[in-house]
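The values are calculated or read from the model by the stated rules, or taken from the named source; none is laboratory data. Every value quoted in this text rests on a predicted model; they were computed, and no experiment measured them. FYI the Cβ positions are ideal-geometry reconstructions off the backbone, even for glycines, and counts take in every protein chain you see.
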Amino acid sequence: MKYVEWIRTLQYDHVAQQATLVDYLAEVDHPNGFAARASDRRLPVKQASPSVRAVIDGLQALRGVGKLSATTIAVEIGSFSRFETAKQLMAYCGVVPSEHSSGNTRRQGAITKTGNAHVRRVLFESAWGCRHRPNLGAALKQRTPQRGLSTTTNEIAWKAQHRLYRRYVALTARGKPGPKVLGAIGRELLGFIWAVAVQIEHDTPPRPTRRSSPRRNKQNTPRRGDQEAVEPSNEEIL
């Protein structure tokens, strides 16, 4: 970022101020360095099935979802097709509002926070990148074309940018708190993740099953030594 690069050029005459600036820059560089190392590290994606690898590539077309986030979501969720609707996946991850209804009165509270907390944390981190205007940034342009994604996947990803940005602007204009806005954006982002993953799983052929060779029954097959012991000698025959 240009702002951070400008801060690095600052020099203070007072030793304490300069030391404080160095400490603050170290705190900024630490999470960025971890994210870079995690992205460059060869994750065990090659060992996954073709459908999982295709889902990981397809999820990276969504804004805010990088390689590490896509891998985490795909591995933790497993098969997205087992959820008939996106609402079922939302309830599974605990991002739907809780119910406190009685009779004809319906009251909804905070999200349930049931299910996989790790997926929920990665989802909300990815949703934070959806507050910007729809645009194909440099990082998104770099990782999307090389993966040979289908037109349907790209259309869903582009639709998600417009939908989530409008949702963020509308909720912010109504004066909603930041955590509530982030929860709503994350819930809808999970719906687009489900749409992309299900479409890819349906288009990806399953992994061919390996035919196992028939095993010999060791109990009924006599060993070579046993056969020699059972065979009578020539003297016994005479």
Among helices (runs of 4 or more DSSP H) entirely within region 1-60, at least 2 residues that are modelled with pLDDT of 80 or more and under 30 Å from Glu201 (Cβ atoms) occur in 50-59
Ser126 vs. criteria in contact with a Gly (Cβ under 8 Å, 6 or more places away or on another chain) and either among the charged types (D, E, K, R) or crowded, with 16+ Cβ neighbours inside 10 Å (or both): yes
Counting only residues that are outside any helix (DSSP H, G or I) and not hydroxyl-bearing (Ser, Thr, Tyr), which one in region 68-92 is surrounded by the most Cβ atoms within 10 Å (Cβ to Cβ)? Phe83
Considering residues that are under 13 Å from Gly58 (Cα atoms) and crowded, with 18+ Cβ neighbours inside 10 Å, the number found within region 146-168 is 4
Tell me whether region 62-71 contains one or more residues that are farther than 25 Å from Ser150 by Cβ, among the small types (Gly, Ala, Ser), in the same structural domain as Tyr165 (by TED's automatic domain parsing) and at pLDDT 90 or above. no
Is it true that some residue in region 123-134 is touching a strand residue (DSSP E or B) at 6+ places or on another chain (Cβ under 7 Å) and touching a residue at least 60 places away in the same chain (Cβ under 8 Å)? no
Working only within region 93-113, note down all residues that are closer than 14 Å to Gly191 by Cα and in a loop (DSSP other than H, G, I, E, B). Gly94, Val95, Val96
